[in-house]
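Each reported figure results from applying straightforward, stated rules to the coordinates on display, with no laboratory input. These numbers were taken from a predicted model, which means no experiment stands behind them. Cβ placement follows ideal geometry from the backbone for every residue including glycine, while neighbour counts extend to all protein chains displayed.
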Amino acid sequence: MIKLINTLEHALRSPTKKVVAGIWSTEEEWLAAAKKAKQAGFDKIEGISPYPTHEIDEALQIPRSPIPFVTFVAGLAGCAFGTWFTWWTSAVDWPINIGGKPMWSLPAFIPVIFECTILFAALASVGAMLFLGGLPKVDPPVIHPDLTSHKFALFVPEDDKKYDVAKIEALFKELGAEEVKQAEF
Amino acid sequence: MAHANTNLQAPGKLNVTKNFKVMYYAASFVGLIAFVFTLIMNQERAWHAFLVGFFYFTSLAMGGFFFTSVHHLTAAGWNVNIRRISEAFTNFLPLALIAGVVLLAGIYYLFEWLHPEAVQTDYLLQHKRSYLNQPFFIIRFLGCLVLWVLLAKKMVSNSVKQDETGDHKLTLKNVPLSVASIFVFAITYSMFSVDTLMSLAPHWFSTIFGIYTFAGLFQSTIAAMILMILYIKKNGQLSGYVTEDHLHDLGKYLFGFTVFWAYIAYSQYMLIWYANIPEETFFFIDRTKGPWVYVSISLILFKFIVPFFALLPRWAKRTPAHLAAVSVLILIMQFVDIFWLVYPSYNAESITFGVPEVLIFFGFMGLFLFAVSRFLQKNNLVPVKDPRIEESLHHHVVY
């Protein structure tokens, strides 16, 4: 049993990367640093903040999430499924005469079709959100414990095309990081 | 992110271009001529067209009323910079009251239940006489309009007064007033819809009718507000005050209430279709016969499906030209919707639509634009001393 849990945990534990991280203690400094660091040409630079700061999307030029498209396509699929399913159940597989209305009466089935659309779209969105966020993550590495309460970080992972530990450390220091460290994420 | 408002110019009052002024005066005048002329030729036709225009623009004015009060009620900050537009819409209400008084002259041509010979031979109409009778109708009809004029006047004058005094208490005063306004709006607007539109087919009834007309009201009000804002912005005013983010939120409203309209329209249809009671179904049977079936289909297509997909992407709500095109489509379809509610009750065989209908509608449009721009010429385009103006200036839509 313990072995099984260990295997599961190992499977859920995503591979970590080496990163160089800088820590800032105010949002303004961190955002200004993010803008300048992005200009230096890192393509995989990331930021961490203790609360949502939407300006970071702009500063790091993070592209829009593809989740809306997943929602849209799944919604269309749900709509198509609902249409087909109500037709198949009510007109083909088990036709029942209800109030003398046609076997496949669209007005009666629109609620079902609508609910299928919503169900597919919602489940696919949650699924896409988990997948794109690399969740669930078991026991993820911690860059700095204060990042969930009052500090802000920028970090560059090792697969960035401009990854160079010494240069990044120098840059973060120049941009006013109060602490620069090598970590895993 | 406190910046951007330091070197903002005062919003000032609306500078109406000469063309715009000529346009609304001409439209009002032509509409009036067309109405008088049609009245001489064919009384019924004139009053039917009058009713459509009257209901359409009274609804837009009440949409402004509802928009203003619902955001006072929720202590919303984002809409402060566009509130004057919705307040300007309510400036049509006094004109709507006058038009309503004029309409009373034509009710005999509009309502079958006012014809004694029709009531005498009709058990159902006799049964409904305690509600559908002339004195009670006039009391309800004028009562609604007068109440709306008074409430709107009070609410808007508080806001206008604040531009001078900067007294924050005026904002607080509008909260209880809005509570009353929302209740009054819900009850009186449904009653107004039932009286003026539903009773055109006095045998028919739909308990959801008030919500149906409300859905169209809000959808078209948002569309009209978007167009008005884009027009003002195009003339170089409101820049810095009303941004892409405000348009984005109005676009979301437009999208949301497009879906809401479809939801209510479908609910009304589905229940009547399912129950299959003759007193209810004839309403839709009339509207799916002959040429009317195309009008009904056009409503589903252009009042729901096309705007739905056209407003779905994020960029659609942040692109003024696109948003304007969708708004125009929705305003046209709102006309089709009210036309579709009114006309088949008189003639389900064919569609009466021609120059008089268009010109009388334009006449009301001219009056409406006259009232709206008069308000904006007299008052600041933005409530400059509203305590929540900072919130609106920094309004930022993330998704």
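Observations
- Segment A:67-132 shape via C-alpha gyration tensor axes, a/c threshold 1.5: prolate
- Among the listed pairs B:Lys18/B:Lys317; B:Lys252/B:Lys303; B:Lys234/B:Lys378, those with a Cα-Cα distance over 23 Å are B:Lys18/B:Lys317.
- Under 28 Å between alpha carbons - lysine pairs in segment B:103-212 that sit 8 or more apart or on different chains: 7
- Karplus-derived 3J(HN,Hα) values for segment B:342-348, using 6.51 cos²θ - 1.76 cosθ + 1.60 with θ = phi - 60°, are 8, 5, x, 5, 8, 8, 8 Hz; glycine and proline are entered as x.
- For the peptide B:267-276, the mean number of other protein chain Cβ atoms found within 10 angstrom of a residue's Cβ is 3.
- Peptide packing for B:362-368, B:74-80, B:319-325 was compared via the average number of neighbouring C-beta atoms within 10 Å per residue; ordered from the highest value, the list is B:362-368, B:74-80, B:319-325.
- Put simply, the amide H of A:Glu179, placed in the peptide plane, has neighbours under 5 Å in A:Ile23, leaving out anything fewer than 5 places away on its chain.
- Rounded to 10°, Cα long-axis angle of helix A:165-174 versus longest principal axis of chain A: 80 degrees
- Helix-only mean residue ellipticity at 222 nm for chain B, each DSSP H run of n ≥ 4 adding -39500 (n - 2.57), per residue, nearest 500: -24000 deg cm²/dmol
- 3J(HN,Hα) along segment B:319-333, derived from phi through the Karplus expression 6.51 cos²θ - 1.76 cosθ + 1.60 where θ = phi - 60°, amounts to 10, x, 4, 5, 4, 5, 4, 5, 4, 4, 4, 5, 5, 5, 5 Hz, with x in place of Gly and Pro.
- Helical runs (DSSP H, four residues minimum) scored at -39500 (n - 2.57) apiece and divided by the length of chain A put the mean residue ellipticity at 222 nm at -15500 deg cm²/dmol.
- Rounded, prolate or oblate (a/c below 1.5 giving rounded, otherwise prolate when a/b exceeds b/c) for the protein assembly as shown by Cα gyration tensor: oblate
- For segment B:316-399, applying the loop criterion from DSSP together with a ceiling of 12 other beta carbons within 10 Å to the GluC sites (Glu not before Pro) yields B:Glu349.
- Label-to-label distance for B:Leu124 and B:Val398 is 5.4 nm, based on points extended 7 Å past Cα in the beta-carbon direction.
- Tilt relative to chain B, helix B:169-196 - C-alpha long axis, 0 to 90 degrees, to 10: 20 degrees
- Shielding by partners - mean other protein chain Cβ count within 10 Å, residues of A:101-109: 2
- Trypsin sites (Lys or Arg not before Pro) restricted to segment B:279-321 and DSSP loop, no more than 14 other C-beta within 10 Å: B:Lys289
- Under a 5 Å amide H cut-off, with hydrogens placed 1.01 Å from N, B:Arg388 pairs with nothing among residues at least 5 apart or on other chains.
- Total charge dipole magnitude, chain A, about the Cα centre, Cβ charges on Lys, Arg, Asp, Glu only, Debye to nearest 20: 480 debye
- Cα centre as origin, Lys/Arg/Asp/Glu Cβ charges: segment B:18-393 dipole, Debye: 1040 debye
- Taking amide H as placed 1.01 Å from N in the peptide plane, B:Asn379 has its amide H under 5 Å from the amide H of B:Leu14, each at least 5 places away in sequence or on another chain.
- With coordinates expressed along the principal axes, the C-alpha atoms belonging to segment B:18-393 extend over 64, 42, 40 Å, beginning with the largest.
- Size of charge dipole - the protein assembly as shown - debye, nearest 20, with Cβ of Lys, Arg +1 and Asp, Glu -1, no other charges: 1020 debye
- Table column - 3J(HN,Hα) (Hz), segment B:224-234, Karplus curve with 6.51, -1.76, 1.60, x for Gly and Pro: 5, 5, 4, 5, 5, 5, 5, 5, 5, 5, 5
- Chain B: angle of helix B:244-275 to the longest principal axis, Cα-based, in degrees nearest 10: 20 degrees
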